[in-house]
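The block underneath contains the structure these notes are about, expressed in structure tokens.
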Amino acid sequence: MIFCIEDDNSIRDLMLYTLNSAGFEAKGFCDGKEFWEELKIQKPQLVMLDIMLPGEDGIEILKKLRRERETADIPVIMATAKGTEYDKVIGLDTGADDYLVKPFGMMEMVSHIKAVLRRTAPRENAGILSVGELCLNPIEHIVTVKGERVQLTLKEYEILLLLMGNIGRVFTRDQLLEKIWETDYIGETRTVDVHIGTLRTKLGECGEYIETVRGVGYRMEAKK
């Protein structure tokens, strides 16, 4: 189920028609109030979220989703107005998984949705990854530190999965932006630094396993 939050009726109807034609189930909402009511009933696979909405805007909705344990891992694609680079950066920093710039094509939207869903699908054959007292279970999508579960946003989880699966390998900020966000967006790599910072904080002492390679990027190393 895909939830589409878009206040323009004609655009929303076209999005729903396209998604249904592409084999997805989809529901549309004109504002945050309708969306939150439906979220109490069912959890979507992904949310298409417009930034400019009446009442509660898209950024505030995204922040609420990422704060709550039950919704923190729902993939979100933000729709931003053309030329508003600030909105793109804020959306990515807040935890958006991808973005589309309006006006966007419907097939482009479907392509982005499929790409995000592929990245977030559980990997059945993946084994548990461990570094020191940090463990990650790709099948159950669970991260623990010293046996205690840690709640991460989807992007934080994907960064950690990449680093733990490549112990000792250095990833530049641009590489992380490309691999995790799967975008050719050439913007502030500050987005990566923000996510690394929050990830380290949530991992506590195990956050030290994520090393900064000055002038290059980041890598995962187990502390002895």
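Values as computed for the structure displayed
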item: Distance between modelled label sites at Thr71 and Gln175, nm, 7 Å Cα→Cβ extension; result: 3.6 nm
item: Pairwise centroid distance, computed over Cα atoms, of the range 14-83 with the range 128-197, Å; result: 24 Å
item: 222 nm mean residue ellipticity, helices alone, for the chain (DSSP H n ≥ 4; -39,500 (n - 2.57); rounded to 500); result: -12000 deg cm²/dmol
item: For the chain: accessible area per residue (Å², 1.4 Å); result: 50 Å²
item: Listed pairs Lys43/Lys114; Lys43/Lys64; Lys40/Lys146; Lys43/Lys179; Lys33/Lys64; Lys102/Lys202 exceeding 24 Å between Cα atoms; result: Lys40/Lys146; Lys43/Lys179; Lys102/Lys202
item: Net charge of neighbours whose Cβ lies under 15 Å from the Cβ of Ser10, counting Lys and Arg as +1 and Asp and Glu as -1; result: -3
item: Extended-chain gain in nm, criterion 0.36 nm per residue less alpha-carbon gap, Gln151 and Lys63; result: 30.2 nm
item: Peptides 19-26, 151-158 ordered by average Cβ neighbours within 10 Å, highest first; result: 151-158, 19-26
item: Sulfur and carbon atoms: percent of accessible area, the chain [1.4 Å]; result: 49 percent
item: Share, in percent, of DSSP beta bridges within the chain that are antiparallel, nearest 5; result: 50 percent
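The values are calculated or read from the model by the stated rules, or taken from the named source; none is laboratory data. Because the structure is predicted, anything quoted here is derived from the model rather than measured. Don't worry about glycine lacking a Cβ; one is built from the backbone with ideal geometry, like all the others, and counts go over all protein chains shown. The protein model used for the area step is the full one, side chains on, heavy atoms only, and it has no ligands, DNA or RNA in it. Shrake-Rupley method; radii C 1.70, N 1.55, O 1.52, S 1.80 Å.
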